[in-house]
Amino acid sequence: MTDVHAAVNLHYARQVQMLDSGRFEEYADTFTADGEFQHTPGQPAARTRSGIVAELKRFNTRFENDPVQRRHWFNMIDLRPRADGVLDATFYALVLTTRPGVKEPIVGPSCLVRDVLVFDNDGEVRNRSRQVDHDQLFS
């Protein structure tokens, strides 16, 4: 299981760096072709890689005139293998937002993330799905 944890952690490290640098096509390629990505409360899940790219571009238009750097931090990853080799991953995510000239980042949202992960034919980890639940919506 140690090798699986290492592969998943590498997958997440690469994935968040793609996301935070605006490489949305590469990020979408970390999902299966029919992957599903739900990250915004009240919005439907994006489906397929092209749908994920379109959703990320739509979401990030809010930062077009705001020179921010966002950093996603994933931690406390709990992996649960299924009998068929699929992995259920549950973890915490924080998003830090910084602006030029401002020393302190804005922390939030805080989220609980549920992924379904698979290994493709080349042994690469891919997301079949991601469901992001924002903590501030629960009391």
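Entry comment: accessible area of the chain is 60 Å² per residue, from protein heavy atoms only and a probe of 1.4 Å.
Does the chain come out rounded, prolate or oblate by the C-alpha gyration tensor, with a ≥ b ≥ c the root eigenvalues, rounded set by a/c under 1.5 and, if not, prolate when a/b is larger than b/c and oblate if not? Prolate, because a/c is 1.5 or more and a/b exceeds b/c.
Carbon-plus-sulfur accessible fraction, the stretch 1-75 (probe radius 1.4 Å, protein heavy atoms only): 51%. Computed 3J(HN,Hα) for the stretch 8-24, one whole-Hz value per residue from the Karplus formula 6.51 cos²θ - 1.76 cosθ + 1.60 where θ = phi - 60°, is 5, 4, 5, 4, 5, 4, 5, 4, 5, 5, 5, 4, 6, 9, x, 8, 5, glycine and proline marked x. Projecting the Cα atoms of Ala54, Ala13, Asn65 onto the charge dipole of the stretch 11-79 (Cβ charges, centred on the Cα centre) puts Asn65 farthest toward the positive pole.
Relative to the longest principal axis of the Cα atoms of the chain, helix 49-60 runs at roughly 20 degrees.
Going through the stretch 22-111, which GluC sites (Glu not before Pro) have at most 12 other Cβ atoms within 10 Å and a DSSP loop state? The qualifying sites are Glu64. When the charge dipole of the stretch 96-136 is built from unit charges on Cβ atoms (+1 for Lys and Arg, -1 for Asp and Glu) and taken about the Cα centre, the candidate among Phe119, Val102, Gln131 whose Cα reaches farthest toward its positive end is Val102. Rounded to the nearest Hz, the phi-derived 3J(HN,Hα) couplings of the stretch 110-127 under the Karplus curve 6.51 cos²θ - 1.76 cosθ + 1.60 (θ = phi - 60°) are 9, 9, 10, 10, 10, 10, 10, 10, 9, 9, 7, 5, 8, x, 7, 6, 9, 7, where x marks glycine and proline.
The loop-placed trypsin sites (Lys or Arg not before Pro) in the stretch 13-84, going by DSSP, that have at most 11 neighbouring Cβ atoms within 10 Å of their Cβ come out as Arg82.
Relative to the current alpha-carbon distance between Arg14 and Asp133, full extension at 0.36 nm per residue lengthens the span by 40.7 nm.
Taking Cα centre as origin and charging only the Cβ of basic (Lys, Arg, +1) and acidic (Asp, Glu, -1) residues, the dipole magnitude of the stretch 14-139 rounds to 300 debye.
Over the stretch 3-74, the alpha carbon radius of gyration divided by the compact-protein estimate 2.2 N^0.38 Å works out to 1.15.
Calculated from DSSP H runs of 4 or more alone, at -39500 (n - 2.57) each and per residue, what is the 222 nm mean residue ellipticity of the chain, nearest 500?
Mean residue ellipticity at 222 nm (helix-derived): -8000 deg cm²/dmol.
Decide, for the stretch 50-95, between rounded, prolate and oblate: order the square roots of the alpha carbon gyration tensor eigenvalues as a ≥ b ≥ c, take rounded if a/c falls under 1.5, and otherwise choose prolate if a/b is larger than b/c, else oblate. Oblate, since a/c reaches 1.5 and b/c is not below a/b.
The values are calculated or read from the model by the stated rules, or taken from the named source; none is laboratory data. All of these numbers come straight from a predicted model, not from anything done at the bench. Glycine gets a Cβ as well: all are built from the backbone with ideal geometry, and neighbour counts include every protein chain shown. Quick note on the areas: whole protein, heavy atoms, side chains included, nothing else; ligands and nucleic acids left out. Shrake-Rupley method; radii C 1.70, N 1.55, O 1.52, S 1.80 Å.
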